[in-house]
Amino acid sequence: MNSSLLYWIWLSSLLDVSLNAKAAVMEIFGSAEEAFYAPAGAFSGIDGITRRDAELLEARDLTVAELIPALCERAEVRILTIEDPDYPRRLKEIFSPPAVLYVRGRLPDLDSGVPVAVIGTRKASPYGIRMGRNIAYELSKCGSIVVSGLTQGVDAAAAEGALAAGGVCVGVLGTPIADAKNSLALRVCRRGALISEYAPGTPQRKSFFRDRNRIAAGISTGVVVTEAPEKSGTRLFVAEALEQGKEIFAVPGNADSENSAGTIRFLREGAQLVTRGWEVAEELNLAYPGVLDPDCRETFPRLPEEAPKREEKKKPSAEASKKRLDKPQTHCYIDITDKLSALPEVQQQVALAVIAGSTGADQIIEATGLEAKAVLSALTMLEIRGITTRDASGRIIIREG
């Protein structure tokens, strides 16, 4: 065992010592071993270290730390300290990086890749679940690593989407890894890794889920919020990511939906509007050129949804069938023009471009001469209004009926 490992575990396992205090210890002393052997009273009076923090550090008790390596070995959990060359560089750069990461599975090269966190509410609607899966699926197809909290709702849906694409997912847990025993966590291990700053056997606390936000945001280059109410843990995650300087993307939802109030607020505050995973990849490709392939959107289908049950319809009469065949097949476009007159001008231009045969955002941008953000916003509103939709291959089309 590495001689310094025990001391990093000691510092990490002091659950009642604040993150501020741990950050101060690492900054002042440089290593956990140096801090452990610092002179008596060395922790008092340091900015960020309270009297209670100093008392806990002064105890210098290795009892728990000495048990953890054996527990990790039995649970097939790898221990990464902040000194380890495999420790993610991006994570080292945040405020109060975890002294130790516990890892199960194969941790991808997060620094060379473009990891993206796909997050949202635990009480997600079918729409939120669908968008979480689809965006993670497309991000994976474009070459991104999907970061997920693996909690119920959007986070779990994002992990499912990444796995369906054959991509890599990293699950950042607010619990010890040994406590993650569901099938999704096991499948993530096979395609990527689970990480946590909590050793096996650590009693769970609610605060762990808030603290893990800094890790998930820290290893990510950007964050996509697919659905979130006004007050939710998602807002804490976004606040952490913004503080770290990460790019924020948000998926719009129904204006009168409580579950969309948070994402709409993020959009008002400057988050980039997206509806597809490749749009996120396209944007991040500007900052990380050559890693992602947003152009692969032309070569893969949308993540298939469960087919709805069809109601049996009465067979039309021969006369009715003849009338239907005689009717011009452009009727849906003729009927839709009445609806367009009531729309804002930009939405009219975008809808008319779709009618004229533009089936992708890039084609619409070229046809209309509008800016990308204006086109994406208009497409979202047209889909919400029921004027456009997407076919099985992801092409934008006018909705019939």
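Output the residues belonging to the stretch 246-266 that are part of a helix (DSSP H, G or I), surrounded by fewer than 22 Cβ atoms within 10 Å (Cβ to Cβ) and among the β-branched types (V, I, T).
Of everything in the stretch 246-266, just one residue is part of a helix (DSSP H, G or I), surrounded by fewer than 22 Cβ atoms within 10 Å (Cβ to Cβ) and among the β-branched types (V, I, T), namely I264.
Restricting to the stretch 180-190, what's the tally of residues that are in a helix (DSSP H, G or I), over 16 Å from E76 (Cβ atoms) and of a type outside the set (S, T, Y)? Working first, answer last.
Filtering the stretch 180-190 down to residues in a helix (DSSP H, G or I) leaves 183-190.
If we keep only those that are over 16 Å from E76 (Cβ atoms) as well, we get 183-184.
Of the ones still in play, those that are also of a type outside the set (S, T, Y) are 184.
Final tally of qualifying residues: 1.
Is it the case, given these coordinates, that P294 is assigned by TED's automatic domain parsing to the domain that holds V147 and modelled with pLDDT under 90?
Against the criterion (assigned by TED's automatic domain parsing to the domain that holds V147 and modelled with pLDDT under 90), P294 qualifies.
Take I177 and tell me if it is modelled with pLDDT under 95 and buried (at least 24 other Cβ atoms within 10 Å of the Cβ).
Criteria met by I177.
Determine whether the stretch 227-238 contains at least one residue that is at positive phi, in contact (Cβ under 8 Å) with a residue 12 or more places away in the chain and not in a helix (DSSP H, G or I).
no
State all residues of the stretch 272-293 that are within 16 Å of the chain's Cα centre (by Cα), surrounded by fewer than 22 Cβ atoms within 10 Å (Cβ to Cβ) and not in a helix (DSSP H, G or I); if no residue qualifies, say none.
Listed by number, the residues that qualify are Q272, L273, T275.
Scanning for something in contact (Cβ under 8 Å) with a residue 60 or more places away in the chain and within 20 Å of V103 (Cβ to Cβ), does the stretch 129-143 turn up at least one residue?
Checked against the condition, which is being in contact (Cβ under 8 Å) with a residue 60 or more places away in the chain and within 20 Å of V103 (Cβ to Cβ), the stretch 129-143 yields no hits at all.
Keeping to the stretch 354-376, report how many residues are at pLDDT below 80 and within 22 Å of I264 (Cβ to Cβ).
Residues meeting the conditions: 2.
Out of curiosity, is I79 in contact (Cβ under 8 Å) with a residue 40 or more places away in the chain and of a type in the set (V, I, T)?
For I79, the condition - in contact (Cβ under 8 Å) with a residue 40 or more places away in the chain and of a type in the set (V, I, T) - is met.
What residue, among those in the stretch 141-160 that are of a type in the set (S, T, Y) and at pLDDT 95 or above, is surrounded by the fewest Cβ atoms within 10 Å (Cβ to Cβ)?
Ranking the candidates gives S148 first.
Check E93, E73, E55 and return the single one that is among the charged types (D, E, K, R) and in contact (Cβ under 8 Å) with a residue 40 or more places away in the chain. Break it down into steps so the answer makes sense when it comes.
On the way: E73 fails: in contact (Cβ under 8 Å) with a residue 40 or more places away in the chain; E55 fails: in contact (Cβ under 8 Å) with a residue 40 or more places away in the chain.
Just a single option satisfies the conditions, and that option is E93.
Hey, can you tell me all the residues within the stretch 156-179 that are part of a helix (DSSP H, G or I) and closer than 25 Å to I79 by Cβ?
A159, I177, A178, D179
Do the conditions hold for E197, that is, is it in contact (Cβ under 8 Å) with a residue 60 or more places away in the chain and among the acidic types (D, E)?
Answer is yes for this residue.
How many of the residues making up the stretch 95-148 are within 11 Å of the chain's Cα centre (by Cα) and among the charged types (D, E, K, R)?
The qualifying residues number 1.
Tell me the helices (runs of 4 or more DSSP H) entirely within the stretch 1-101 that contain at least 3 residues that are surrounded by fewer than 18 Cβ atoms within 10 Å (Cβ to Cβ) and out of contact with any helix residue (DSSP H, G or I) (no Cβ under 7 Å at 6 or more places or on another chain). First the steps, then the outcome.
On the way: elements: 5-12, 19-29, 32-36, 51-58, 63-74, 89-92.
Where helices (runs of 4 or more DSSP H) fall fully within the stretch 1-101 and carry at least 3 residues being surrounded by fewer than 18 Cβ atoms within 10 Å (Cβ to Cβ) and out of contact with any helix residue (DSSP H, G or I) (no Cβ under 7 Å at 6 or more places or on another chain), they are 19-29, 51-58, 63-74.
Can E243 be described as surrounded by fewer than 24 Cβ atoms within 10 Å (Cβ to Cβ), of a type in the set (D, E) and under 10 Å from V224 (Cα atoms)? Outline the logic, then answer.
Values: surrounded by fewer than 24 Cβ atoms within 10 Å (Cβ to Cβ): yes; of a type in the set (D, E): yes; under 10 Å from V224 (Cα atoms): no.
Here the answer is no, as E243 does not meet what is asked.
Here is a yes/no grid of residues against (1) in contact (Cβ under 8 Å) with a residue 40 or more places away in the chain; (2) assigned by TED's automatic domain parsing to the domain that holds M131; (3) of a type in the set (V, I, T):
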site	(1), (2), (3)
A185	no, yes, no
C189	yes, yes, no
G192	yes, yes, no
G201	yes, yes, no
F208	no, yes, no
R212	yes, yes, no
I215	yes, yes, yes
T221	yes, yes, yes
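Please pick out the residue among V17, V64, V25 that is hydrophobic (A, V, I, L, M, F, W, C) and at pLDDT below 95.
V64
Considering L57, L6, which residue is of a type in the set (A, V, I, L, M, F, W, C), under 17 Å from D84 (Cα atoms) and under 36 Å from the mean Cα position of the chain (by Cα)?
When all the criteria are applied, what remains is L6.
The values are calculated or read from the model by the stated rules, or taken from the named source; none is laboratory data. A quick note: this is a predicted structure, and the numbers were derived from the prediction, not measured. Using ideal geometry, Cβ is built from the backbone for each residue, glycine included, and neighbour counts are taken over all protein chains shown.
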